[in-house]
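Report on one structure; see the data block that follows.
What follows is calculated from the coordinates using simple rules that are stated; it is not laboratory data. Given the structure is predicted, the values throughout are model-derived calculations rather than measurements. Every residue, glycine among them, receives a Cβ derived from its backbone with ideal geometry; neighbour counts consider all protein chains shown.
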Amino acid sequence: MASQILFNDAVSGNRVLIMRKLMQLRLAVLGLLLLALIYSYFQLDLSLNYSLLVSITLTGLAWSGWIHLTLRLEQQLSDAHLFRELLVDCAWLIAVVLLTGRSTNPFIYYFLVLIAISATIFNTRVCWWFSGSTVVFYSVLMYLDLKDHFNHMTGDYRLHLFGMWVNFFGSALVVSYFVSKLAIALRAYQQRLSEIREDNLKSEQLVGIGTLAASTVHALGTPLSTLMVLLGERLAGEKTSEAQADIHLMMNQIERCKATMKKLSLLAEQEDEGQEREPVEQLLEDLKEHYRIMSPDAQPEFRIDAVAASKPLGYSLLLRHALINLIDNALQSAREQVLIKVSASESVLFIEIEDDGVWPTDLPLNWGKPVQSSKPGGLGIGVFLANSTIEKMGGRVVLIGAEKGKQVRVELPLLLEAL
């Protein structure tokens, strides 16, 4: 399992992009270092271990080039891969610094670049650990250099070395704190923008569904009325009781459709006007009555504890339809039984809908999204509308696993004032 040390739950594409930029930076720095070694060997009289330095530089270039090329295969990267490459940068930089003057080499300030990178892409704990380690390393080198050569240095040079250390230490603190804070703020801003875009998209989808529903209600009014007239005429001409019973059944179904359409057309107006309150027990009684009438052969079992029964809840027809959608889904997927358990805390109502059905393979991935339904005659928007309605009321819908099936838990805010 990949470790999670980034602030955001970055997808593979983000990690690949970060890794590619890290490799490009390393290739550029190592390339410049190789040119500096070549210039120093031919133009400057410096006593260095050029063979070892060139070997380290070429090894780093080869490793970075190989990593950069393998990224084209779009392999799955984890946070540990990014952290590993940051440690590789530290390793070759430490080796180069130790071989080229130790604390007196200004190239040691490249550690500040690595600290800035760690502050940008890793969390605060990793950033401070990395920053502290580099400061300790620099401090040890400074101590060893001053201890071994203290008597050979002038006062100004010792002050210069100490000033370099103070500058490095202060810069590391500033970068670790402020860059890390800025990275957190930017990620929070991006997360907020993402949530706003998702809410806007959901609102557009709901408006589209509502517009379609309104036009459908308008379009179905005339044909349903025509069917009622035709069935009435047909009923008057039928002599057999069986034919009359069939016609009565069809007329009852049409009346049911018209009642549903009327309720749909008045739903928004009732929601706008309704600021009434009701006990949770009344909501459950309405749901029980609905299933006694609409589904007498397959009724869910309701269980409510005494604490939740008298809790105050805002009256909402939309909430009733949202819960009916969720319970209908459970009834259709259950093998034998659907259980609705209702409980409450001080401020939250919990409605748990359990069934013993089999999970579709794509259910967790597509939960709450408007997708094509796999059920015969299903439109694939019931759960989406239920989720949207409950989230609009300040609640949430959670899909969790049960011992013998699945469980949908609805969490709703309760009113603070008692009835």
(request) For Ile196 and Glu336, calculate 0.36 nm times their separation in residues minus their Cα-Cα distance, and state this gained length in nm to one decimal. (result) 46.3 nm
(message) If R₀ is 22 angstrom, what is the calculated FRET efficiency for the pair Asp297 and Gln244, using the beta carbon separation as r and rounding to 0.05?
(response) 0.35
(request) Name the residues whose placed amide hydrogens come within less than 5 Å of the amide hydrogen of Ala344, ignoring near sequence neighbours (fewer than 5 apart) on the same chain. (result) Ala308, Phe350
(message) Between Val113 and Arg158, how high is the FRET efficiency from 1/(1 + (r/R0)^6) when r is the Cβ-Cβ distance and R₀ = 22 Å? Nearest 0.05.
(response) 0.25
(message) Defining a contact as two alpha carbons under 8 Å apart and six or more residues distant in sequence, what relative contact order in percent does the range 12-198 show?
(response) 21
(request) Calculate the dipole size of the range 12-198 relative to its Cα centre from +1 charges on Lys and Arg beta carbons and -1 charges on Asp and Glu beta carbons; express the result in debye to the nearest 20. (result) 460
(message) If R₀ is 56 angstrom, what is the calculated FRET efficiency for the pair Ser345 and Leu99, using the beta carbon separation as r and rounding to 0.05?
(response) 0.30
(message) Taking amide H atoms as placed 1.01 Å from N in the peptide plane, list the residues 5 or more away in sequence, or in a different chain, whose amide H sits under 5 Å from that of Asn123.
(response) Phe7
(message) Can you compute the label reach from Thr124? Point 7 Å from Cα along the Cβ direction, backbone N cut-off under 11 Å, restricted to the range 176-190.
(response) 177-178, 180-182, 184-185
(request) Give me the number: length gained by fully extending Ala185 to Ala62, i.e. 0.36 nm times residue separation minus the C-alpha to C-alpha distance, one decimal in nm. (result) 40.6 nm
(message) Under the 0.36 nm per residue contour assumption, what length would be gained going from the current alpha-carbon distance of Gln253 and Tyr41 to full extension?
(response) 66.8 nm
(message) How large is the translational diffusion coefficient of the range 12-198 in µm² per second when you combine the Kirkwood radius over alpha carbon pairs with Stokes-Einstein at 10 °C and 1.306 mPa s?
(response) 86
